[in-house]
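**Student:** Here it is, the structure in full.
The values are calculated or read from the model by the stated rules, or taken from the named source; none is laboratory data. Bear in mind that the values here come from a model prediction, so they are computed numbers and not experimental data. Glycine also receives a Cβ, built like all others from the backbone with ideal geometry; neighbour counts cover every protein chain displayed.
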Amino acid sequence: MSRSGRLLIVLALLAETTLFQATLLPAAETAWPQFLGPQRNGISTETGLVDTFPTAGPKQLWRVDGGVGMAGLVVDGGRLLTMIQTDGRQQVAAFDAESGKPLWRTPIAPAFNNSMGAGPRATPTIAGERVFAFSGEGVLAALNSADGKLLWSENLVEQHGGEPAEYGMACSPLVVGELVVVTVGTFEATVVAVEAATGKVVWKAGSGAAGYSSPALLEVGGRKQVVVFAGSAVLGIDPTTGAVLWRHSYVTDFNCNTATPVAVNGSVYVSAGENHGGVLLGLKPNGDKFDVSELWKSQGPQSTLRAEWQTPVLLDGKLYGFDNLGGAGPITHLTCIDAATGERVWQQLRFGKGNMIAADGKFWISSVNGELILVRAASTGYEELARADIGISTRQAPTLAGGRLYFRDDAHILCLDVRK
């Protein structure tokens, strides 16, 4: 056999071996395209992540200037996007996810200022070639994700005869097929769905305050539904027609329902802070609609979990979250409860305020004190694996994509490498 022939065989064997090895390696999710991640539940399937930090903390890949705001970070197609307030405007800003290099910025609304903090609140959503962003006063805008070109813009709160929520509109847009769903919180409509391509209203549902939660598409009651935790009620909505399938009253002070609904074995769990609590709602089909029952509830000062702004994470039948005591008080416990019963499993007292996601058997927690805390995701008890000062104080949960964690505050955006 000639030398060239032998070389071709060797190259073929190397390629086959590489392909075989690749099938054994865990595939890193390179996208975190919406609020709370790919499935809007705060859970990533990524593996191969670190189990502890070096003394100096995780490796910093980059840190760049950002802007004022409470919007989270999303990643897709190699781009990282968020909303910031700068130069007197609320803007959608894009960065290269690998390097932090600024790519584009597009204003969608004037500056939004509020006693609870300035800037946009809602996390943008990337869907294919488009990104959807919701401003503090209720402007929903669609942009080209590659270059930031504004495709359309509609002030849906004003359009439906309302005013912004007391602390600003905080709903992160939910994309369902060719529709974009947001809460607007007016007498005409609690929830509105528009055409993703044009911004034209397709349906509207409910009546009353928006609250500060983001809707989720959940498989509950044996049916896919848009579930909305509005200012004074939980709603199940047909995603195609906008028909309200069920409604359950849930009134809190100042309409401060903020956490996103969680599907628990076909039922719906919601939780609120301000000394309220949580409830698991069972759904029984009744014709085209559903009858709602409280499978369990835990309310008031003795509640086992009062999620202030953080959405609890469901893993293996347990809900993990931040239990806040009092009316937006400073005392917060990291807590695990049994999702089927509401009973407390364990609690780390006075853990402090923060937010978290789950990946690779661990919770990745960002604290308002500027720390990243790594905790074993286990119902057996609290086990802290590592803690590092990252200099970013944020209320938003971390964003994870391709083994990189992203954080932001009112001044900077930070990327850390957490791959083994």
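**Student:** Which of the numbered conditions does Pro107 fail, given that it passes all the others? Conditions: (1) out of contact with any Cys (no Cβ under 8 Å at 6 or more places or on another chain); (2) in contact (Cβ under 8 Å) with a residue 24 or more places away in the chain; (3) part of a strand (DSSP E or B).
**Tutor:** (2)
**Student:** Moving on to the next point. Anything in region 39-52 that is crowded, with 16+ Cβ neighbours inside 10 Å and either modelled with pLDDT under 95 or farther than 14 Å from Pro398 by Cβ (or both)? List them, or say none.
**Tutor:** If the condition is that a residue be crowded, with 16+ Cβ neighbours inside 10 Å and either modelled with pLDDT under 95 or farther than 14 Å from Pro398 by Cβ (or both), then Arg40, Asn41 are the ones that fit.
**Student:** Follow-up question, since we're still on this one. Please go through region 155-193 and pick out each residue that is within 17 Å of Pro124 (Cα to Cα) and in contact with a His (Cβ under 8 Å, 6 or more places away or on another chain).
**Tutor:** Result: Val184, Val192.
**Student:** On to the next question. Between a residue in region 33-47 that is under 20 Å from Thr258 (Cα atoms) and among the charged types (D, E, K, R) and any residue that is surrounded by 22 or more Cβ atoms within 10 Å (Cβ to Cβ) and modelled with pLDDT of 95 or more, which pairs come within a Cβ distance under 7 Å, given they are 6 or more apart or on different chains?
**Tutor:** Arg40/Gln34; Arg40/Ala216; Arg40/Thr260
**Student:** Sticking with this structure for a sec: Only one of Glu219, Glu188 is surrounded by fewer than 24 Cβ atoms within 10 Å (Cβ to Cβ), of a type in the set (D, E, K, R) and within 20 Å of Ala170 (Cα to Cα); which?
**Tutor:** Selected residue: Glu188, the only one of Glu219, Glu188 that is surrounded by fewer than 24 Cβ atoms within 10 Å (Cβ to Cβ), of a type in the set (D, E, K, R) and within 20 Å of Ala170 (Cα to Cα).
**Student:** With the structure loaded, tell me whether Tyr269 is assigned to a strand (DSSP E or B) and not basic (Lys, Arg) or whether it fails that test.
**Tutor:** Yes; evaluated as a whole, the condition is true for this residue.
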